[in-house]
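Step one of this worksheet: look at the structure below.
Nothing in this text is a laboratory measurement; each read-out follows from the coordinates by a stated rule. Nothing here was measured: the structure is a model prediction, and the numbers come from that model. Cβ: placed from backbone, ideal geometry, glycine included. Neighbour counts: every protein chain shown.
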Ligand code: FBP
């Protein structure tokens, strides 16, 4: 697993250069979710593929930016599902974006996740590795990532990150979000899943939600590349992650780019989500 972490660290440094220097314009391509790809999406994907291809323990990779899986080494142990540049539509307004990696064994169900790495391209280049615990690193001198601290969620926080188009919310979801704000929570939502979830983790707690909506009944965020990895991180940090009723890591995708409604948070916030969705 260590060699995968090292490959991701090398990719992160190269992608940071792309984030800071590459043209933020659109390519002529559309990805398998129907999103028009930015040139930087495609280049970031290639950077990661080139690094992961060198690793014997990687059996196959699958990217949010590609329709199909890419076989790497038939004797490999791990499957890597990744979103090379999540939230890339925010690049042209200079907001933070991220990369997300789920390291699976035996399949792409939530229960098959063995480790997660995510990268935040912000004022600092930061990287989080979740295995048995959740460790925060930042890029120091001579391009080395330096350990900063272990990340732990409190039982309850005070940040609320409500995603998706509010006019498409169910009455019950709108009531829950309104009640959370009335109870004193503060709005923290940039439209970038990685920095938004990273903020709640580092500030000790709160709720990030991307529910079922009238325009997206199965939600927008992808199980394999985005949702399962962050569900894994939140649980290892002492929080929980549900689809409104069920634990997210108990789910399996019907197809590689499958999506699900998702709620990530501290324990008290997830208790509230389950109560409103009974
Ligand atoms: P990508 O499509 O860039 O991979 O990311 C999806 C995303 O931008 C997430 O990062 C973010 O949480 C969500 O969409 C925001 O969606 P919305 O604008 O509907 O709230």
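Structure notes:
- The angle separating the long axis of helix 39-52 from the principal Cα axis of greatest extent in the chain is about 60 degrees.
- Paired Rg and Dmax values of the stretch 1-69, which use every Cα atom, in angstrom: 12.8, 36
- In the stretch 91-155, the inverse of the mean reciprocal separation of distinct Cα atoms equals 13.4 Å; this is its Kirkwood hydrodynamic radius.
- Site pair residue 26 and residue 187 shows an inter-label distance of 2.7 nm when each label is modelled 7 Å from Cα along Cα→Cβ.
- Between the alpha-carbon centres of the stretch 7-51 and the stretch 200-278 there is a gap of 25 Å.
- By DSSP, the beta bridges lying fully in the chain are antiparallel in about 80 percent of cases.
- Contact order for the stretch 159-276, expressed relative to its length and based on alpha carbon pairs under 8 Å spaced 6+ residues apart, stands at 28 percent.
- On Cα atoms only, tilt of 171-182 relative to the major axis of the chain in degrees: 90 degrees
- D_trans [Stokes-Einstein, Kirkwood Rh over alpha-carbon pairs] for the stretch 2-150, 37 °C, 0.692 mPa s, µm² s⁻¹: 209 µm²/s
- At 0.692 mPa s and 37 °C, Stokes diffusion of the stretch 159-276 via Kirkwood alpha-carbon radius, µm² per second: 235 µm²/s
- At 0.890 mPa s and 25 °C, Stokes D of the chain from Kirkwood alpha-carbon radius, µm² per second: 131 µm²/s
- Per residue, the convex hull spanned by the alpha carbons of the stretch 74-125 comes to 92 Å³.
- Per residue of the chain, the DSSP helices (runs of n ≥ 4 H) give a summed -39500 (n - 2.57) that works out to -8500 deg cm²/dmol at 222 nm.
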